[in-house]
1. Where Lys and Arg each count +1 and Asp and Glu each count -1, what net charge lies around S213 among other residues with Cβ under 9 Å from its Cβ?
2. Give, as a single signed number, the net charge of other residues whose beta carbon lies under 10 Å from the beta carbon of L150, with Lys and Arg counted +1 and Asp and Glu -1.
3. Per residue, how many Å² of accessible area does region 121-180 show with a 1.4 Å probe?
4. Ignoring any ligand, DNA or RNA, what whole percent of the accessible area of region 111-254 comes from carbon and sulfur when the probe is 1.4 angstrom?
5. What are the lysines whose alpha-carbon lies under 19 Å from the alpha-carbon of K231, with same-chain residues fewer than 8 places away excluded?
6. Counting C-alpha atoms alone, how compact is region 101-235: give Rg to one decimal and Dmax as a whole number, in angstrom.
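The values are calculated or read from the model by the stated rules, or taken from the named source; none is laboratory data. What you see is a predicted model, and the numbers here were worked out from it, not measured in a lab. Don't worry about glycine lacking a Cβ; one is built from the backbone with ideal geometry, like all the others, and counts go over all protein chains shown. Note: areas computed on protein heavy atoms with side chains; ligands, DNA, RNA excluded. Shrake-Rupley method; radii C 1.70, N 1.55, O 1.52, S 1.80 Å.
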Amino acid sequence: MLLTGLICIALLITASIYRRFASHTLKDYLVLIGIGIGYSLPALYLLTETFNRFLEIALVYIIFMLLGGYVTYRFLQELRKHFQFVQMQQELALTDGLTNLANRRKLDETLSHYDKHGFAFSVLIVDIDFFKSVNDTYGHDGGDVVLRQLSHLLQHCSPDEAVVGRYGGEEFVVLLPDTPLKEAVRLGETIRLACADQHFVFSTYPAFHVTLSIGAASSDQADTSFEVVQKADQALYQAKQTGRNKVVAHSEEN
């Protein structure tokens, strides 16, 4: 029993060290099996009466260990592929196909999470000014290029903890946890200026500019996270009604 325990401990230690540096290949898996065989053969030898008997048992043992190890490896590989596929499908279900940002479902789930845990946050709703004229001038392919380039700009300007998503059409949402309204407005202004300065390029057309209207609101202005988004949308509407290309924060006077 003591020998068996020592062998098991030695095998676990060796396997944990080896796995840290090994990849998930058949070669590495067979090496681990070989290590296990190497550790267990001395115990097997002590349990047999003669050397010839040991060789007979050891040969069968090694064959079954290798076959069993290969079958187990193939099973684990298929299981890993399955879990990777499921994970990829889950990510795709929460990702906008055009911009690779969070989609409406992901944004709604995040807002529900904020409500559940009582997180403080601010939100920016970003809308491209006169986006219809972009589509009319450059076609829908040109409009898609603008959406993708703007998505990169939003990700670049937003802090790491922000959740940036496409809310639909030419509207984007930036969720900013633990961010006061004044800081959100300041970030919105940074985004607006960066977009106004950016040269959008599509096909052989000359570089062109687009502007943004942005509405902002914070969780201390509403009872639920979805009400916060509604208030930011109201602020966005005011920004578009009062000249566009500006950031407007929600207030009770809006």
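1. Taking every Cβ under 9 Å from that of S213, the sum is +2.
2. +1
3. That works out to 41 Å² for each residue.
4. Ligands and nucleic acids excluded, carbon and sulfur give 50 percent.
5. K182, K240, K246
6. Reported Rg and Dmax, both Å: 15.1, 50.
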